[in-house]
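J.: Below is the structure I would like to discuss, written out as structure tokens.
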Amino acid sequence: MTEQMGFLFNAERCVGCKSCEMACKNENSTPANVNWRRVSSLSTGNNLSISCNHCESPECFRVCPQRAYVKRRDGIVMININRCDGCMTCVSACPYKAPQFDLEKQKASKCTFCLPRREVGLLPACVSACHTGALSVINTDQPPKNTVPTIEGFPDIRLTKPSIRFRPVKEKLRYWVSSKE
Amino acid sequence: MLSDVKVFKNVCPRNCYNTCAMLSYVVDGKLIKVEGDPSHGYCQGRLCGKGYAYTRYVYSPKRLRYPLKQYPRGSGNWVRITWEEAFNLISAKLLELNHRYGSNRSLAYNKCSGNVGILHYATEGMFNSFGSHTKLRGNPCMSAGMDAVEYSSGEGRSPDPEAMTNSKLIVIWGANPAWTAVHQLNFINQARDKGAVLVVIDPVYTATAATADHYIQVRPGTDGLLALGIAKVLVEEGRYDSSFVKEHVVGWESFYKYLQEKVSLEEVQRLTGVAENVLQLLADLYSQNDPATNWCGYGLQRHQNGGQNVRAIYTLSALTGNVGKIGGDFYYFHPSTDFFPMNLLNLQGPDDGQVSRALDINNYPSQALSLVDPPMKFLWIAARNPLSQDQEVQDWTRLLKELEMVVTVDLFMTKTAEASDIVLPATSHFEDFDINVSYWHHWLALNQKAIEPYYEAKSDLEIAKELTRRLNELQPGFSNFPSERTAEEWIESEFTSEILRLYGLSSWRDLEEVPAKLQFGNNPWLDLNFKTNTGKFEIFSKNAKDDKLPALPRFWAESSDLSFPLRMLTPQNITSIHSQNWALEWIGSDKRGNVVTLNPQDAVQRKVEDGDLVRIYNAQGSVTRKARLNPEVLQGMVIIYQGGKEPVNSLLSGLSADMGKKHSGSEGAALYNAFVEVEKIVRSQI
Ligand code: SF4
Ligand code: SF4
Ligand code: SF4
């Protein structure tokens, strides 16, 4: 059985609280301008929380002249900081802005799927921090039922085949005050 | 490597619903990361975004390291002084004023919710220990609503919020948990997973509203009228809980008559902006879902009719038979500290034959300026930033100019600290002991000392101990503060046998292992024995009438200001708690912080375009922001978030809410009865 670790993002549940983004910084002590996970609001009005998608065809891996990227057997894509010479090719190649440039170290860095936590049986910090169950870990080779490969506002998935699945947003009812009193 | 990591228990002491228990990871005396404490049943191991950024708070380059003095006040000519010099300067002033006036009544403090840990009442305890002085009274946050709850059920108690997992309908009136009480979403979502419907009623389309099944926009300050409208529909169609009303409610006939004669659905629709079919939908939801929870936020009581708004919504809970029902009921504020002895707050000072006086927190500077015999001369500010948050900014500025000495205790050089003579650096909650309860959930947790104080920072308690010791050296018997008592001994003293019983503890040391939950009264009205005079739920409140308020939850329209036609709401931003914004460094450039959001039609009338620099002004003052146009914002309304460099409090009206005196000694603040005008800044003006 093949394994490809990835994330399931429940767009229906995410409220954009940024706990995941901050928990990642707290766990990994990333500098202020380096955000391995980022929460944003989409033009559709929904929120999106993304990190590295540990893609099936990682563009970072393909373009890196230093061969700093590796793809592990469990599908996790890692960058070897010692090899990175800060050329920023991956930073511009990744459709999801996952590799972030650390100005201080002059190197790229990105989500590690919280490998050190994984080694002691813990979930990634972002997943543990999520209050709504919007983020979870899955094996994307066996995608759960009622999930879809992308949602509106997510970058094109054809290039890299990202290891992320989505639960789509349901229709909701809104009643606005229509006119001035 | 890992063996060098020490883990401590801490509690986030911010003025926030969640009061999270956290685990602090310390290496070589340095805090390296924080986590939620998984043994805390409410927080369940999670923190909010701001909480995860706490290392930025402790090690912020902006944190104050040493006591500072400036001369003249406000000049920015700061010099570092030792604690000894600081205590000597302050003591000399206190003693001089004591001799000049023959009492300590010219000394005042202004301290509130910057850190709500129980030991932080050391400031109040220190002033008590001086004998008579000038106190602070009131509560700007929730007091109007608290009185409303007390008039109805006799006591302000909220049920266990974890019970919301049992709800079939959750109606959130004007609260935004996605930004301010994010842990509650866990319990709400558990209910939703079992089929519960989530409704958000709010003038603002918040992040919480965006996830709700139904979002209903309502005009600010008319929530109570909407509740009365729903009540009228339910009553007219016979869809209310008549047996509950018969058995447990006082004042049904007069309320029925009031609904019949005075509440017109046409008027409800016109004033609230909620259409007839939506009113009907709400009535259907309440009558078809059992149990149904009402959660009433604090914004809708920051109005001149705020208390009445809360009473009307609470009445809806009673009418539908939900009060006292697990998974139903009415949520507002749980006064957990009321159970504790609060020995610091209630420290008995020496009897100097005079009585203390108190200033109302919402009109503090104007009242302070008018004091005579003796006038106020000395002010101690702790856990507060009134120049960024309070009403009456002009009076504040004047007061701070006129006083003989102003001392501020803070972690940062706030706007208020900048206007003080002496600034004393405060510890963060990682640097001293404390215990914390929440005004929302029912848990109690211990805060340990995880790291040494940052540079020369001291806690409010440590400052009280050392300053009173110095004062007594200079003038024996000046203060009766027990300056030898340690933080842990103060904690011990809070744990009476009653408190131990309530929390199921054998000793407070049990909290070193796991936080504890209140074992009794998690559902205060389960037995439907209300704490009112009649023992029933009082829709008609004689106490309210005696206090010159309407006996019934009546609606009345608030005053508005024709020359400033736009109503301004000033909610919390996701990045901050009021003016406390340490997380900004990580959350990133705060786009909302310097923005005013307005409806495109209001913008067109003012020739304002998206991105324009605008001036927002009224009779009180003026601030500058970038305009953002958003059709989701109600016409006639603007939104500005709190805090920042040019805080929006300079535009607040200074008006009071209708209630608040009963619970906190003074009326609540009608912070949302603020009206402004917006104009584009043309280049020549810059
Ligand atoms: S998301 Fe970007 S960095 Fe991560 S594996 Fe895919 S291409 Fe590489
Ligand atoms: S898995 Fe770990 S490194 Fe990756 S985004 Fe989540 S917290 Fe950050
Ligand atoms: S923690 Fe969860 S709900 Fe909050 S922003 Fe992240 S994914 Fe969304």
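J.: Run residue A:62 past the list (1) loosely packed, with under 15 Cβ neighbours inside 10 Å; (2) within 15 Å of residue A:140 (Cβ to Cβ) and report the number of the one that doesn't hold.
T.: (2)
J.: Does any residue in segment B:195-219 that is closer than 26 Å to residue B:575 by Cβ come within less than 7 Å, Cβ to Cβ, of a residue that is surrounded by fewer than 23 Cβ atoms within 10 Å (Cβ to Cβ) and of a type in the set (Asp, Glu) six or more places away or on a different chain, and which pairs are these?
T.: B:198/B:213; B:205/B:632
J.: Only one of (1) more than 28 Å from the chain's Cα centre (by Cα); (2) within 14 Å of another protein chain (Cβ to nearest Cβ); (3) on the phi < 0 side of the Ramachandran plot is not met by residue B:234, so which one is it?
T.: Tallying (1) more than 28 Å from the chain's Cα centre (by Cα); (2) within 14 Å of another protein chain (Cβ to nearest Cβ); (3) on the phi < 0 side of the Ramachandran plot, residue B:234 fails exactly one: (2).
J.: If residue B:112 satisfies every condition in (1) at pLDDT 95 or above; (2) buried (at least 20 other Cβ atoms within 10 Å of the Cβ); (3) of a type outside the set (A, V, I, L, M) but one, which is the exception?
T.: (1)
J.: If a residue must be within 18 Å of the chain's Cα centre (by Cα) and either assigned to a helix (DSSP H, G or I) or within 21 Å of residue B:438 (Cα to Cα) (or both), how many such residues does segment B:94-118 contain?
T.: Total meeting the criteria: 8.
J.: From the set of residues in segment A:158-171 that are among the hydrophobic types (A, V, I, L, M, F, W, C) and over 18 Å from residue A:142 (Cβ atoms), which is farthest from the chain's Cα centre (by Cα)?
T.: This residue is A:169.
J.: Would you confirm, using the coordinates I've provided, whether residue A:10 is touching a residue at least 60 places away in the same chain (Cβ under 8 Å) and within 11 Å of another protein chain (Cβ to nearest Cβ)?
T.: So residue A:10 passes the test.
J.: Among the residues of segment B:124-140, is there at least one that is over 30 Å from residue B:488 (Cα atoms) and either part of a strand (DSSP E or B) or not charged (D, E, K, R) (or both)?
T.: Taking every residue of segment B:124-140 in turn, at least one turns out to be over 30 Å from residue B:488 (Cα atoms) and either part of a strand (DSSP E or B) or not charged (D, E, K, R) (or both).
J.: Among the residues of segment A:42-69, count how many are away from chain B (no Cβ under 14 Å) and within 16 Å of ligand 2 (Cβ to nearest atom).
T.: 9
One line per residue, one yes/no per condition, for (1) touching a strand residue (DSSP E or B) at 6+ places or on another chain (Cβ under 6 Å); (2) of a type in the set (Gly, Ala, Ser); (3) not assigned by TED's automatic domain parsing to the domain that holds residue B:376:
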site: B:127; (1), (2), (3): yes, no, no
site: B:133; (1), (2), (3): yes, no, no
site: B:143; (1), (2), (3): no, yes, yes
site: B:176; (1), (2), (3): no, no, yes
site: B:186; (1), (2), (3): no, no, yes
site: B:214; (1), (2), (3): yes, no, yes
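J.: Is it true that some residue in segment B:507-519 is closer than 30 Å to residue B:231 by Cα and surrounded by fewer than 15 Cβ atoms within 10 Å (Cβ to Cβ)?
T.: no
J.: Restricting to segment B:24-43, what's the tally of residues that are more than 25 Å from the chain's Cα centre (by Cα) and hydrophobic (A, V, I, L, M, F, W, C)?
T.: The qualifying residues number 4.
J.: Taking residue B:190 as meeting all but one of (1) closer than 30 Å to residue B:443 by Cα; (2) within 24 Å of the chain's Cα centre (by Cα); (3) within 10 Å of chain A (Cβ to nearest Cβ), write down the number of the exception.
T.: Among (1) closer than 30 Å to residue B:443 by Cα; (2) within 24 Å of the chain's Cα centre (by Cα); (3) within 10 Å of chain A (Cβ to nearest Cβ), the lone unmet condition for residue B:190 is (2).
J.: While we're looking at this one, here's another question. Would you point out the residue of segment B:27-47, among those that are facing chain A (nearest Cβ under 8 Å), part of a loop (DSSP other than H, G, I, E, B) and not basic (Lys, Arg), that is surrounded by the fewest Cβ atoms within 10 Å (Cβ to Cβ)?
T.: Residue satisfying both the conditions and the ranking: B:45.
J.: Could we say that residue A:93 is within 15 Å of ligand 1 (Cβ to nearest atom), under 28 Å from residue A:168 (Cα atoms) and free of Cβ contacts under 8 Å to residues at least 40 places away in the same chain here?
T.: So residue A:93 fits the description; yes.
J.: Now for a different question. Tell me whether segment B:436-450 contains one or more residues that are charged (D, E, K, R) and not in a strand (DSSP E or B).
T.: Checked against the condition, which is being charged (D, E, K, R) and not in a strand (DSSP E or B), segment B:436-450 yields at least one hit.
J.: Restricting the search to segment A:74-89, which residues are within 19 Å of residue A:54 (Cβ to Cβ) and either surrounded by fewer than 21 Cβ atoms within 10 Å (Cβ to Cβ) or away from ligand 2 (no atom under 16 Å from the Cβ) (or both)?
T.: The answer is A:74, A:75, A:78, A:80, A:81, A:83, A:84, A:89.
J.: How many residues are under 22 Å from residue A:59 (Cβ atoms) and more than 16 Å from ligand 3 (Cβ to nearest atom) if we restrict to segment A:106-130?
T.: 7
J.: Considering only segment A:11-43, how many residues are surrounded by fewer than 19 Cβ atoms within 10 Å (Cβ to Cβ) and within 15 Å of ligand 3 (Cβ to nearest atom)?
T.: The number of residues fulfilling the criteria is 5.
J.: Filter segment B:403-435 down to the residues that are assigned to a helix (DSSP H, G or I) and not small (Gly, Ala, Ser), then identify the one that is surrounded by the fewest Cβ atoms within 10 Å (Cβ to Cβ).
T.: Among those residues, the one meeting the criterion is B:418.
J.: In segment B:310-353, which residue that is of a type in the set (A, V, I, L, M, F, W, C) and in a loop (DSSP other than H, G, I, E, B) is nearest to the chain's Cα centre (by Cα)?
T.: B:333
The values are calculated or read from the model by the stated rules, or taken from the named source; none is laboratory data. Keep in mind it's a predicted model, so treat the numbers as computed, not measured. Please note: Cβ atoms are built from the backbone with ideal geometry, for glycine as well, and neighbour counts cover all protein chains shown.
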